[in-house]
Structures are given as C-alpha cells and as structure tokens.
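Peer 1: Let me give you the structure first, and then I'll get to my questions.
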Amino acid sequence: MIDQNGYRSCVCIVIANSQGQVFWGKRVHQAAWQFPQGGLESGESVETAMYRELQEETGLAEHQVTCLAVTKHWYRYRLPKHMLKHNQSGFVGQKQKYCLLKLHNDDHTFVLDGHAQPEFDDWAWVSYWYPVGQVWAPKREAYRGALKELAPALKRCFSGDQQRA
C-alpha cells in the first residue's frame with residue numbers, strides 16, 4: 001500500500017535473542033544487510049503483516065517469539081533520486097513500523113529459503129546498535145529512531161549491558 005505522500009507502508013522486524021543481540025540478515029546476492037521487512041497488503045494489520053513476513057523471511061512462527069513492543073511512530077526514508085528516475089507510480093520511499101520480538105529458543109535454526117523468493121542468504125547475531133552504522137545509508141535515521149524508541153522494551157527484558165554499542 002502506498003499512501004498519499006508516496007510512502008509504502010511496511011513492517012520491520014527486530015528479533016532479539018537471550019543475549020540481547022539482534023538478527024541481521026544479508027540480502028540475497030547483495031552485500032547489503034538489514035532487518036527482515038515487508039509491505040503491508042491491502043487491509044492487513046501491522047501485527048498480521050509482521051507474523052507473515054517473519055515466517056516468509058526467517059521461517060519463524062508466531063509461537064516461537066514474543067512481541068515486546070511496536071513503535072508508535074512510522075519511520076520514513078526516501079529512496080535516492082537515481083532510484084526513482086523511471087518511477088511512474090508516485091512511490092518515493094517507505095514508512096515502517098518496527099516490531100521488537102524476543103526469540104524463545106536461541107538454538108532455533110532460521111529457514112531463509114522456505115519461501116518462493118528468499119530475502120536473505122546469510123544471517124548473524126549482532127549487538128543491538130550495530131545495524132544503525134551498517135544499514136544502507138537512506139535507512140540509517142529510521143533505524144536509529146526506531147531502535148531508540150524500542151530500547152526501553154529491550155532493557156526491561158534483558159540486562160542493561162547488552163544495549164551499549
């Protein structure tokens with residue numbers, strides 16, 4: 001769904017393990033890494049989209065995680081102009097709600113190729129703030145704002161030492 005300002009509505013999923021580290025996925029055939037994410041389908045709630053994308057991109061089911069928090073704000077980022085050159089739809093970027101999930105079992109094996117069009121071909125556990133400095137530049141401020149908003153929920157769940165980067 002694209003809103004009246006040209007932003008596609010999406011969910012972005014931050015999966016934390018028992019150490020307070022987060023899942024960091026490498027995009028298929030690219031050097032880019034990011035959190036699992038995906039667009040909301042027409043009439044779909046943020047929660048429904050989150051669980052659908054979670055299963056499609058990581059193989060995790062709803063019963064394997066607990067949702068700790070969802071951002072109150074939509075975090076937006078614009079695509080660079082060169083990526084919009086041939087855009088006829090009015091699409092300018094994405095707006096995302098970020099969902100912080102706690103994984104119940106750290107030993108779970110992620111299934112990255114369980115969907116017809118896999119998003120990731122590798123993954124790693126990284127410190128909570130690591131993605132802010134590593135994600136594709138147009139997304140950095142959105143990641144920073146969302147992780148800042150979600151940090152208190154992580155702190156309530158885990159010891160304070162894991163939130164420092």
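What follows draws every value from the coordinates through simple rules; no lab data is involved. Everything numeric in this text was worked out from a predicted model, so none of it was measured. Ideal geometry is used to build each Cβ from the backbone, glycine not excepted, and the neighbour counts take in all protein chains shown.
Peer 1: Only bridges with both residues in the chain count here: give the DSSP antiparallel percent, nearest 5.
Peer 2: Taking every DSSP beta bridge with both residues in the chain, the antiparallel ones total about 70 percent.
Peer 1: Based on Cβ point charges of +1 for Lys and Arg and -1 for Asp and Glu, what charge dipole magnitude is obtained for region 1-84 about its Cα centre, in debye rounded to the nearest 20?
Peer 2: 500
Peer 1: For the peptides 149-155, 103-109, what is the packing order when you average, over each peptide's residues, the other Cβ atoms within 10 Å and list the highest mean first?
Peer 2: Per-residue Cβ counts within 10 Å, averaged per peptide and sorted highest first, yield 149-155, 103-109.
Peer 1: Helix 140-157 versus the longest principal axis of the chain: what angle, 0 to 90°, nearest 10, using Cα atoms?
Peer 2: The two axes meet at around 30 degrees.
Peer 1: Equivalent ellipsoid semi-axes for the chain, as square roots of 5 times the alpha carbon gyration tensor eigenvalues: give them largest first, rounded to whole Å.
Peer 2: Values for the chain, descending: 25, 18, 16 Å.
Peer 1: Treat the count of other C-beta atoms within 10 Å as a stand-in for reagent exposure and order Cys12, Cys67 from fewest to most.
Peer 2: Ordered by Cβ neighbours within 10 Å, fewest first: Cys67, Cys12.
Peer 1: Report, in listed order, any pair from Lys26/Lys139; Lys26/Lys72; Lys95/Lys139; Lys102/Lys148; Lys26/Lys155; Lys102/Lys139 with a Cα-Cα distance greater than 20 Å.
Peer 2: Correct reply: Lys26/Lys72; Lys26/Lys155; Lys102/Lys139.
Peer 1: May I pose another question? Measuring from label point to label point, each 7 Å out along Cα→Cβ, what is the Asp106 to Asp122 span in nm?
Peer 2: 2.2
Peer 1: From the convex hull of the Cα coordinates of region 2-58, what is the mean projected area in square nanometres?
Peer 2: Across all orientations, region 2-58 yields a mean hull projection of 5.2 nm².
Peer 1: Put +1 on the Cβ of each Lys and Arg and -1 on the Cβ of each Asp and Glu in region 10-77; which of Val65, Trp24, Gly38 then has its Cα farthest toward the positive end of the dipole?
Peer 2: It is Trp24.
Peer 1: Roughly what would the spin-label model give for Arg144 and Gln19, points 7 Å off Cα along C-beta, in nm?
Peer 2: It works out to 2.7 nm between the two label points.
Peer 1: Continuing with this model, one more query. Let me spell out the model: positive unit charges on the Cβ of Lys and Arg, negative unit charges on the Cβ of Asp and Glu, origin at the Cα centre of the chain. What dipole size does that give, in debye rounded to 20?
Peer 2: 960
Peer 1: Between region 7-40 and region 97-121, how far is it from one alpha carbon centroid to the other, in angstrom?
Peer 2: 9
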